[in-house]
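Report on one structure; see the data block that follows.
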Amino acid sequence: MSLLPVSEALEQLLSAAASDAPTGAEQVPLQQALGRILASPVQAAHDVPPWDNSAMDGYAFNASDIALAQSRGLAISQRITAGMAPVPLASGTCARIFTGAPIPPGADTVEMQENVEETDGIARLLQPVQPLSNVRPRGQDISRGTVLFDAGQVLRPQDLGVIASVGIAALEVRRPLRVAVLSTGDELVEPGHALGNGQIFNSNRFTLIGALQRLGQSVLDAGILRDDPEQTRVRLQELSQQADVILTSGGVSVGEADCLGQVLRESGHVELWKLAIKPGKPFTLGRFGDIPVLGLPGNPAASLVTFLLLVKPYLLRRLGCTQTAPLSVELAAGFERAKAGGRDEYLRARIENGRVVPTGNQSSGVLSSASQASGLLLIPAGGTVTRGQLVSFLPFEGLLG
Ligand code: AMP
Ligand code: MG
């Protein structure tokens with residue numbers, strides 16, 4: 001059986017996500033909207049700034065009085081601080097003004113106080129000034145009616161600031177997806193318990209739940225599932241009633257004990273399986289009833305990599321995000337790889353002296369090299385790497401955020 005290219009798998013996942021039921025929307029106050037995904041566009045109901053205002057502490061006057069301001073000086077007819085409502089400026093006078101204060105009607109130019117000499121209520125310019133200087137015009141930042149954000153935008157701190165700047169206090173955002181996380185394997189015990197013969201601690205549960213929490217999704221921790229077809233069927237049945245998505249690890253390889261794949265084939269169905277990706281070949285997209293089952297390989301590094309590259313885009317698209325591709329930057333390789341592989345290979349890597357280098361053991365069972373890494377480095381199928389060659393590096397900040 002030939003392996004499915006990652007790009008095709010991703011396309012199938014994204015189109016599945018687009019046709020799977022979208023999550024509902026809810027209204028949240030702005031202060032709870034960080035990291036949430038907009039369910040409807042945001043439009044500016046105000047200009048920002050709402051009025052012309054001074055960019056400097058200084059003096060405001062009309063450009064037609066510049067010559068007079070330089071020769072005899074202008075009488076100071078009012079003092080305007082930020083937050084005040086000014087009165088119209090009498091012709092031939094100026095206003096003492098401070099940063100952020102509204103420009104009075106009749107004025108259009110500000111000179112900073114460092115270039116002005118003030119004596120006995122008269123302000124005189126020490127040097128020429130360009131008309132219209134140091135005024136921040138109304139609507140310079142945002143003009144009323146502009147669509148600031150489309151639905152699907154993940155809200156970052158600066159986005160909340162922009163939305164606040166137009167006076168909006170609450171937003172329509174997508175409800176989180178309920179994601180059930182199921183760890184399969186007879187060998188698994190939870191940390192905190194004694195390790196029996198042949199057992200290992202369940203690490204995927206923590207990696208996957210952590211990644212889902214970073215995405216702000218609602219986690220249904222379904223614990224450990226034994227390698228038993230009947231138990232697997234029952235558990236998938238239960239979870240398919242409770243969750244929007246079932247995320248599993250383990251049990252999707254080709255071995256006899258890999259009963260998750262077997263149960264999906266018999267009692268649900270498998271939409272894609274066996275990808276040209278390393279680590280992560282056994283990744284499976286299946287369905288139990290209507291509920292998508294994203295079956296990750298058991299090997300911890302494979303589980304992490306397939307979550308980041310395949311599950312996360314699926315979840316984002318399901319939440320209405322248009323932008324699902326992770327940030328990727330081109331960096332010079334600080335290593336060599338002479339032998340080409342048959343699968344897209346994602347190495348755990350970090351940046352050293354401006355060059356990207358793999359972090360230690362890249363076996364799919366080794367997770368510590370992921371902790372030593374700051375991202376993933378892609379070697380496309382069939383590719384080799386020479387020192388200094390540009391390679392794609394995907395920082396974890398982008399992959400997890
Ligand atoms: P599987 O995909 O079930 O064949 O598992 C592949 C490898 O991953 C085996 O060595 C498993 O013991 C290991 N593994 C499976 N699930 C987990 C888990 N939750 N935490 C840590 N290792 C696991
Ligand atoms: Mg297993």
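So for region 194-205 (the condition being more than 16 Å from ligand 2 (Cβ to nearest atom), touching a Lys or Arg at 6+ places or on another chain (Cβ under 7 Å) and at pLDDT 95 or above), does at least one residue qualify?
Scanning region 194-205 turns up no residue that is more than 16 Å from ligand 2 (Cβ to nearest atom), touching a Lys or Arg at 6+ places or on another chain (Cβ under 7 Å) and at pLDDT 95 or above.
Scan region 29-70 for residues that are among the charged types (D, E, K, R) and within 30 Å of ALA211 (Cα to Cα) and jot them down.
ARG36
THR232 - would you say it is of a type in the set (Ser, Thr, Tyr), free of Cβ contacts under 8 Å to residues at least 60 places away in the same chain, surrounded by 16 or more Cβ atoms within 10 Å (Cβ to Cβ) and within 16 Å of ligand 2 (Cβ to nearest atom)?
Yes.
I'm told LEU195 meets every condition in (1) of a type outside the set (Asp, Glu); (2) more than 16 Å from ligand 1 (Cβ to nearest atom); (3) without any contact (Cβ under 8 Å) to a residue 40 or more places away in the chain except one. Can you identify the failing condition by its number?
Checking LEU195 against (1) of a type outside the set (Asp, Glu); (2) more than 16 Å from ligand 1 (Cβ to nearest atom); (3) without any contact (Cβ under 8 Å) to a residue 40 or more places away in the chain, the one that fails is (2).
I need every pair where a residue in region 204-229 that is free of Cβ contacts under 8 Å to residues at least 60 places away in the same chain has its Cβ under 6 Å from the Cβ of a residue that is surrounded by fewer than 21 Cβ atoms within 10 Å (Cβ to Cβ) and among the charged types (D, E, K, R), sequence separation at least 6 or different chains.
Matching pairs, first to second residue: SER218/ARG178; LEU220/ARG178; ARG226/ASP186; ASP227/ASP186.
Residues VAL263, VAL270, VAL252: which one is free of Cβ contacts under 8 Å to residues at least 24 places away in the same chain and either surrounded by fewer than 20 Cβ atoms within 10 Å (Cβ to Cβ) or under 14 Å from VAL293 (Cα atoms) (or both)?
VAL270
Could you tell me which residue of region 19-47 is surrounded by the most Cβ atoms within 10 Å (Cβ to Cβ), considering only residues that are part of a helix (DSSP H, G or I) and modelled with pLDDT of 95 or more?
The residue in question is LEU30.
What do you reckon, is THR248 assigned to a strand (DSSP E or B), at negative phi, modelled with pLDDT of 95 or more and not aliphatic (A, V, I, L, M)?
In short, yes.
If you check GLY286, GLY261, GLY255, which single one turns out to be more than 15 Å from ligand 2 (Cβ to nearest atom) and either among the small types (Gly, Ala, Ser) or in a loop (DSSP other than H, G, I, E, B) (or both)?
On inspection, the qualifying residue turns out to be GLY286.
Given the criteria in contact with a strand residue (DSSP E or B) (Cβ under 7 Å, 6 or more places away or on another chain), under 30 Å from ASN62 (Cα atoms), at pLDDT 95 or above and loosely packed, with under 13 Cβ neighbours inside 10 Å, does PRO131 qualify?
So PRO131 fits the description; yes.
For region 289-319, give me each residue that is surrounded by 21 or more Cβ atoms within 10 Å (Cβ to Cβ) and in a loop (DSSP other than H, G, I, E, B).
PRO297, GLY298, ASN299, LEU319
Working only within region 186-228, note down all residues that are in contact with a Ser or Thr (Cβ under 6 Å, 6 or more places away or on another chain) and not basic (Lys, Arg).
ASN202, ASN204, ILE224, LEU225
Quick check on region 32-54. Is at least one of its residues basic (Lys, Arg), more than 30 Å from VAL293 (Cα to Cα) and in contact (Cβ under 8 Å) with a residue 40 or more places away in the chain?
Within region 32-54 (the criterion being basic (Lys, Arg), more than 30 Å from VAL293 (Cα to Cα) and in contact (Cβ under 8 Å) with a residue 40 or more places away in the chain), the answer is no, since none of the residues qualifies.
The values are calculated or read from the model by the stated rules, or taken from the named source; none is laboratory data. On a predicted model such as this, the values are computed, not experimentally measured, just so you know. Heads up, the Cβs are rebuilt from the backbone with ideal geometry, glycines too, and the neighbour counts pull from every protein chain shown.
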